[in-house]
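Working notes, beginning with the structure itself.
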Amino acid sequence: MTTYQEKTYTGERSLFGVKNAMIQNVTFGMGESPLKESSHLSISNTIFKWKYPLWYSSDVKVNHSIFEKMSRSGIWYTNDIKVTNSTLEAPKLFRRCRNVDLENVYFADAAETIWNCDQINVKDVQARGDYFGMNSKEIVLDNFQLVGNYAFDGASNIEAHNCTFMSKDAFWNCKNVKLENCTINGEYLSWNTENLTLINCTIESNQGLCYIKHLKMRNCSLLETDLAFEYCSDIDAEIVSDIISVKNPISGVIKANHINEIIQDDKELDSSKIKFIQKEER
């Protein structure tokens, strides 16, 4: 294995195609695609300052490293990459990658990050930015904290535990989503999604949970959530809080502590297909 240590590289494709290398205490300065077409890399205590550092790479481990703002679009078409204990300031990282493992990572600008990726594992990660995770699939999140709208639009096969999402329009157009012990804050949660399961979650969402097919909820709280469940079908919801209002659900069962207002004003719907069970009648 070749070692590159305590050096600064500039210029385009400075270490193009490098294989079986250990890169330590290195700075990649101005110059695009320094590690393009690389493989079998162990990178640590390294700073990436410029664009497209890891394209078409494979079997890469990055630890205690920094991706500065201008290293944007930094990791595309790369497979089998693990990033740990690192700070990523650049937007548009990770596109069309496969088998991405992120642990103890901070995304300062996660705009348009992790798009069209497959097999993503995220643990102890914080991120800020809109359109995180778009059209990606096979995603596992544990202790992930996101501030940014339109998260995971069009994604599929998502499992999240102990996460916090401050996100408007999160989980739209998704398939097969399971959130457990999570907090979700943001309007219009999860429209047009199929197969959504929420367990022990706290949700605050104006007009949240609408146009969903196959919705399961267990031991969830809906705080300041109104006009919920509009045109949802096959609902199996157990809510342990009050609900401000429910509007025109199509079918299923909604259990709640109390529902302040039930709106059923679409005369084309068969109201016998939806059942409301309230613990408290007021």
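With the condition kept exactly as written, say whether any residue in region 95-111 is over 22 Å from I43 (Cα atoms), among the acidic types (D, E), surrounded by 17 or more Cβ atoms within 10 Å (Cβ to Cβ) and free of Cβ contacts under 8 Å to residues at least 60 places away in the same chain. Write out each step before concluding.
Within region 95-111, the subset over 22 Å from I43 (Cα atoms) is 111.
Retained after the next criterion (residues that are among the acidic types (D, E)): none.
No: zero hits.
When you look at I250, is it over 23 Å from M166 (Cβ atoms), in contact with a helix residue (DSSP H, G or I) (Cβ under 7 Å, 6 or more places away or on another chain) and surrounded by 15 or more Cβ atoms within 10 Å (Cβ to Cβ), yes or no?
Values: over 23 Å from M166 (Cβ atoms): yes; in contact with a helix residue (DSSP H, G or I) (Cβ under 7 Å, 6 or more places away or on another chain): yes; surrounded by 15 or more Cβ atoms within 10 Å (Cβ to Cβ): yes.
Yes; evaluated as a whole, the condition is true for this residue.
So if I check each of I243, I263, which one is at pLDDT 95 or above, more than 24 Å from K175 (Cβ to Cβ) and surrounded by 20 or more Cβ atoms within 10 Å (Cβ to Cβ)?
On the way: I263 fails: surrounded by 20 or more Cβ atoms within 10 Å (Cβ to Cβ).
After applying the criteria, what remains is I243.
Just to be sure I understand, how many residues within region 194-216 are surrounded by fewer than 23 Cβ atoms within 10 Å (Cβ to Cβ), closer than 21 Å to H258 by Cβ and touching a Cys at 6+ places or on another chain (Cβ under 8 Å)?
Result for region 194-216: 4.
With respect to the numbered conditions (1) under 17 Å from S73 (Cα atoms); (2) under 31 Å from the mean Cα position of the chain (by Cα), which one is the sole condition not fulfilled by R13?
So R13 meets the others, but not (2).
For residues that are in a loop (DSSP other than H, G, I, E, B) and among the β-branched types (V, I, T), scanning just region 201-234, find the one that is nearest to the chain's Cα centre (by Cα).
Restricting to residues being in a loop (DSSP other than H, G, I, E, B) and among the β-branched types (V, I, T), the top hit is I212.
Answer yes if at least one residue in region 19-31 is surrounded by fewer than 16 Cβ atoms within 10 Å (Cβ to Cβ) and charged (D, E, K, R), and no otherwise.
The answer is yes, given that some residue of region 19-31 is surrounded by fewer than 16 Cβ atoms within 10 Å (Cβ to Cβ) and charged (D, E, K, R).
Hey, can you tell me all the residues within region 67-92 that are over 20 Å from N116 (Cβ atoms) and among the charged types (D, E, K, R)? Quick ask: steps written out before the conclusion?
The first filter runs over region 67-92 and keeps only residues over 20 Å from N116 (Cβ atoms), leaving 68-70, 84-87, 89.
Correct list: E68, K69, E89.
Which of the residues that make up region 116-142 are in a strand (DSSP E or B) and farther than 15 Å from Y106 by Cα? Walk me through how you get there before you give the answer.
Step one: list which residues in region 116-142 are in a strand (DSSP E or B), which gives 118-128, 137-142.
Correct list: D118, Q119, I120, K137, E138, I139, V140.
Going by what's in this entry, would A237 be described as closer than 25 Å to S167 by Cβ, small (G, A, S), surrounded by 15 or more Cβ atoms within 10 Å (Cβ to Cβ) and over 27 Å from the mean Cα position of the chain (by Cα)?
Working: closer than 25 Å to S167 by Cβ: yes; small (G, A, S): yes; surrounded by 15 or more Cβ atoms within 10 Å (Cβ to Cβ): yes; over 27 Å from the mean Cα position of the chain (by Cα): no.
When the stated conditions are applied, A237 does not pass them.
Does L189 satisfy the criteria of being assigned to a loop (DSSP other than H, G, I, E, B), aliphatic (A, V, I, L, M) and either under 18 Å from S167 (Cβ atoms) or out of contact with any Ser or Thr (no Cβ under 9 Å at 6 or more places or on another chain) (or both)?
Working: assigned to a loop (DSSP other than H, G, I, E, B): yes; aliphatic (A, V, I, L, M): yes; either under 18 Å from S167 (Cβ atoms) or out of contact with any Ser or Thr (no Cβ under 9 Å at 6 or more places or on another chain) (or both): yes.
Against the criterion (assigned to a loop (DSSP other than H, G, I, E, B), aliphatic (A, V, I, L, M) and either under 18 Å from S167 (Cβ atoms) or out of contact with any Ser or Thr (no Cβ under 9 Å at 6 or more places or on another chain) (or both)), L189 qualifies.
Considering only residues that are part of a loop (DSSP other than H, G, I, E, B), farther than 24 Å from E204 by Cβ and charged (D, E, K, R), which ones fall in region 267-282?
Of the residues in region 267-282, the ones part of a loop (DSSP other than H, G, I, E, B) are 267-270, 279-282.
Remaining after also requiring farther than 24 Å from E204 by Cβ: 267-270, 281.
Selection gives K267, E268, D270, E281.
Search region 32-65 for residues being buried (at least 17 other Cβ atoms within 10 Å of the Cβ) and of a type in the set (A, V, I, L, M), and hand back the single one that is nearest to V83 (Cα to Cα).
Restricting to residues being buried (at least 17 other Cβ atoms within 10 Å of the Cβ) and of a type in the set (A, V, I, L, M), the top hit is V62.
Being hydroxyl-bearing (S, T, Y) and in contact with a Gly (Cβ under 9 Å, 6 or more places away or on another chain) is true for just one of Y52, Y56, Y106. Which residue is that? It would help to see each step written out before you state the result.
Numbers: Y56 fails: in contact with a Gly (Cβ under 9 Å, 6 or more places away or on another chain); Y106 fails: in contact with a Gly (Cβ under 9 Å, 6 or more places away or on another chain).
Criteria check complete, one pass: Y52.
Only residues that are closer than 14 Å to I277 by Cβ and part of a loop (DSSP other than H, G, I, E, B): list them for region 242-266, please. It would help to see each step written out before you state the result.
We begin by selecting, within region 242-266, every residue closer than 14 Å to I277 by Cβ; these are 242-243, 246, 249, 252-259, 262.
Correct list: P249, N257.
Kindly evaluate S167 against the criterion of being surrounded by fewer than 17 Cβ atoms within 10 Å (Cβ to Cβ), of a type in the set (G, A, S) and out of contact with any Asp or Glu (no Cβ under 7 Å at 6 or more places or on another chain). Walk me through it before giving the result.
On the way: surrounded by fewer than 17 Cβ atoms within 10 Å (Cβ to Cβ): no; of a type in the set (G, A, S): yes; out of contact with any Asp or Glu (no Cβ under 7 Å at 6 or more places or on another chain): yes.
It is false that S167 is surrounded by fewer than 17 Cβ atoms within 10 Å (Cβ to Cβ), of a type in the set (G, A, S) and out of contact with any Asp or Glu (no Cβ under 7 Å at 6 or more places or on another chain).
Mind listing whichever residues of region 72-102 are in a loop (DSSP other than H, G, I, E, B) and of a type in the set (D, E, K, R)? Working first, answer last.
Kept after step one, since they are in a loop (DSSP other than H, G, I, E, B), are these residues of region 72-102: 72-74, 77-78, 89-94, 96-97.
If the condition is that a residue be in a loop (DSSP other than H, G, I, E, B) and of a type in the set (D, E, K, R), then R72, E89, K92, R96 are the ones that fit.
The values are calculated or read from the model by the stated rules, or taken from the named source; none is laboratory data. No experiment lies behind these values; they were computed from the predicted model shown. Don't worry about glycine lacking a Cβ; one is built from the backbone with ideal geometry, like all the others, and counts go over all protein chains shown.
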